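Q: Before anything else, here's the structure in question.
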Amino acid sequence: MSNKYHAIKTEVDGIKFDSKKEAARYQELKILERAGIISSLEIQKKFELKVNGFKVCDYYADFFYYDNENETRVVEDVKSKATRTPVYRLKKKLMFACLGIEIVEV
């Protein structure tokens with residue numbers, strides 16, 4: 001079954017992903033985690049975005065993990081041209097402005 005972006009929902013390890021591309025990225029990250037390159041992989045991690053103490057919205061990262069080689073936390077979102085919507089672009093800016101977090105797009 002496809003969604004409004006014509007992505008096909010895919011299930012891997014009992015987890016339902018919005019697209020084949022996102023499911024494939026999950027499988028890649030699991031391999032990296034088993035190899036010890038990354039750790040603490042989380043899926044759909046919620047970030048609350050506040051401005052001046054007022055909650056504006058929530059952002060759900062496709063993936064959140066620790067990069068052991070670079071010793072950094074990574075927030076990753078699987079994107080296509082169609083899913084880089086104005087709302088997403090605003091949330092991406094808010095993530096950086098409010099939390100100092102740069103979203104990595106794959």
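None of the figures in this text is laboratory data; all of them are computed from the coordinates on show. No experiment lies behind these values; they were computed from the predicted model shown. As a convention, Cβ positions derive from the backbone with ideal geometry for all residues, glycine included, and neighbour counts pool all protein chains shown.
Q: Please list the non-local residues whose amide H lies under 5 Å from the amide H of Ser19, H modeled 1.01 Å from N, same-chain partners needing a gap of 5 or more.
A: The list, which skips near neighbours in sequence, is Thr10.
Q: ³J(HN,Hα) across the range 13-20 via Karplus (A = 6.51, B = -1.76, C = 1.60, θ = phi - 60°), whole Hz, x for Gly/Pro?
A: So the Karplus estimates, Gly and Pro as x, are 6, x, 9, 8, 10, 6, 8, 5 Hz.
Q: If we restrict to alpha carbons, what Rg and Dmax does the chain come to, in Å?
A: Rg and Dmax of the chain, Cα atoms, are 14.5, 41 Å.
Q: To the nearest 20 debye, what is the magnitude of the charge dipole of the chain about its Cα centre, counting +1 on the Cβ of each Lys and Arg and -1 on the Cβ of each Asp and Glu? Each step should come with its number before you reach the end.
A: Working: 20 positive and 17 negative charges, 130 e Å.
Its charge dipole is roughly 620 debye.
Q: Next question, about the same structure. Using the C-alpha atoms of the range 65-106, what convex hull volume per residue, in cubic angstrom, is computed? Intermediate results must be reported in sequence, preceding the final value.
A: On the way: hull volume 2.7 nm³, N = 42.
Each residue corresponds to 64 Å³ of Cα convex hull volume.
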